[in-house]
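First up is the structure itself, then whatever we jot down about it.
The values are calculated or read from the model by the stated rules, or taken from the named source; none is laboratory data. In this text, all values refer to a predicted model and were calculated from it rather than measured experimentally. A quick note on method: Cβ atoms are made from the backbone with ideal geometry, for glycine too, and the neighbour counts reach across all protein chains shown. Side chains are part of the model used for accessible areas, which takes the heavy atoms of the whole protein and leaves out ligands, DNA and RNA. Shrake-Rupley method; radii C 1.70, N 1.55, O 1.52, S 1.80 Å.
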Amino acid sequence: MHEENKAAANGCGKIRSGAQNGAALLALMEKTGYSMVQQNGQRKFGGPPPGWKGPPPPRGCEVFVGKIPRDMYEDELVPVFERAGKIYELRLMMEFSGKFIGVCVSLDNCRLFIGAIPKDKKKEEILNEMKKVTEGVVDVIVYPNATDKTKNRGFAFVEYESHRAAAMARRRLIPGTFQPWGHTIQVDWADPEKVVDEETMQRVKVLYVRNLMISTTEDKIKAEFNKFKPGVVERVKKLRDYAFVHFFHREDAVAAMSVMNGKCIDGASIEVTLAKPVNKESSWKQHFNGQISPSSENLLGFPNKEDGTQKSLGKPASLSVCLNGQHSPGSPEVERSTYSFFPGIKLTPISMYSLKLNHFSSAVMHLDYFCHKNSWAPPEYCLYSTTSQDGKILLVYRVLISSIADDSQSYFMPEKLCTTVEDAKELAAQFTLLHL
């Protein structure tokens with residue numbers, strides 16, 4: 001047996017406090033012919049298995065198994081998983097917790113979110129910097145600033161050739177030893193782009209248009225898209241620097257996408273793709289981890305199916321629960337309950353910004369956290385009121401978001417009024433998060 005395999009098995013035996021455990025793993029490798037290598041905080045069994053010919057299995061063939069008991073190892077796990085089919089590779093992490101296992105399709109994510117990037121850096125500079133310290137970089141996706149197209153938005157998405165390459169890059173970048181351009185960057189998994197089945201996409205007749213100027217109006221967008229064939233656009237909905245262009249017929253939407261992608265409107269080169277529909281109710285409730293109060297949910301209302309779209313290539317997983325609702329398998333919701341406080345319990349002072357997003361149940365707290373993570377000033381709320389026809393006082397907040405880095409300011413105000421201050425503030429925070 002290869003010395004590396006023996007070292008991995010013997011090392012496991014010590015960790016599990018018994019020579020019998022090491023012997024069991026050695027016996028498993030002798031029986032199956034698979035190799036076992038321990039590295040980078042995990043143990044890899046197989047990959048490829050003995051006699052394997054051809055390329056590795058394609059994406060979508062991997063599942064994530066969480067909450068494995070601490071005293072269970074490959075000699076017990078392999079026989080269980082082999083009931084489903086031949087194992088190509090099994091990677092066992094070195095730290096485990098929980099009592100019951102959970103299984104889901106592995107996201108096989110190949111994209112990282114990199115935040116706190118200087119806004120004057122171009123795509124080529126960011127790409128070269130990432131290639132210096134990580135391997136397997138395929139591409140860097142950088143979006144122009146909404147108000148100044150010569151600058152980026154302070155973040156980028158780095159695409160890697162494989163999930164493994166992305167995972168190794170994340171491990172390399174997270175400790176903070178890498179400071180490009182003298183800045184401490186933020187690193188996390190990007191939410192994967194939502195996959196919509198082909199049958200659904202064949203019915204889409206709405207285009208998603210991004211990289212617009214803030215000053216560009218809906219009428220201007222409609223006029224530009226009607227130029228190639230007058231009267232084909234039904235309506236346009238614009239939000240900040242992106243818009244949704246609705247067509248009467250799908251064939252016109254597809255033709256317009258081909259013609260208009262890369263065209264300039266008011267000096268900005270636009271990007272045009274088919275909008276990706278999502279389930280309106282499930283996506284909205286996921287925005288805040290399923291914890292929206294019924295009153296504010298009904299006040300804000302759901303968009304109709306054609307308006308609800310997945311517009312981004314990815315958001316930082318740890319920052320975007322309010323936007324995309326994508327969670328890693330190891331990040332369950334925090335149980336909302338109270339516990340008795342007994343004398344002698346040790347308390348440790350912490351900052352709220354050191355917590356995970358799922359510790360916050362309100363949109364107001366989500367927005368404060370989101371602004372802090374993006375190095376923006378705290379959100380400012382300005383309260384306004386009016387009187388309804390039956391004499392009730394109705395309230396609405398306007399929210400100001402200021403970027404410390406470039407002194408830019410953005411205002412957000414929902415189109416709904418509330419009867420209580422609490423609902424008005426929560427609604428304004430939800431509205432702001434959806435439009436940032």
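Of everything in the stretch 229-252 that is assigned to a loop (DSSP other than H, G, I, E, B) and open to solvent by 70 Å² or more (accessible area, probe 1.4 Å), the residue that is nearest to THR432 (Cα to Cα) is ARG240. Only residues that are surrounded by 13 or more Cβ atoms within 10 Å (Cβ to Cβ) and modelled with pLDDT under 80 were counted across the stretch 68-97, and they come to 1. Can we say PHE100 is part of a loop (DSSP other than H, G, I, E, B) and either modelled with pLDDT under 90 or over 19 Å from the mean Cα position of the chain (by Cα) (or both)? Criteria met by PHE100. Does any residue of the stretch 173-181 turn out to be more than 28 Å from GLY267 (Cα to Cα), open to solvent by less than 80 Å² (accessible area, probe 1.4 Å) and without any contact (Cβ under 8 Å) to a residue 60 or more places away in the chain? The answer is yes, given that some residue of the stretch 173-181 is more than 28 Å from GLY267 (Cα to Cα), open to solvent by less than 80 Å² (accessible area, probe 1.4 Å) and without any contact (Cβ under 8 Å) to a residue 60 or more places away in the chain. Note on the stretch 392-429: residues that are under 18 Å from CYS371 (Cβ atoms) and at pLDDT below 90 amount to 11. The residue that is nearest to CYS61 (Cα to Cα), among those in the stretch 109-128 that are open to solvent by less than 30 Å² (accessible area, probe 1.4 Å) and not in a helix (DSSP H, G or I), is ASN109. For the criterion of being farther than 19 Å from PHE155 by Cα, modelled with pLDDT of 80 or more and not assigned by the TED database to the domain that holds LYS121, ASN279 fails. In this structure, is SER269 modelled with pLDDT under 85 and among the polar types (S, T, N, Q)? Against the criterion (modelled with pLDDT under 85 and among the polar types (S, T, N, Q)), SER269 does not qualify.
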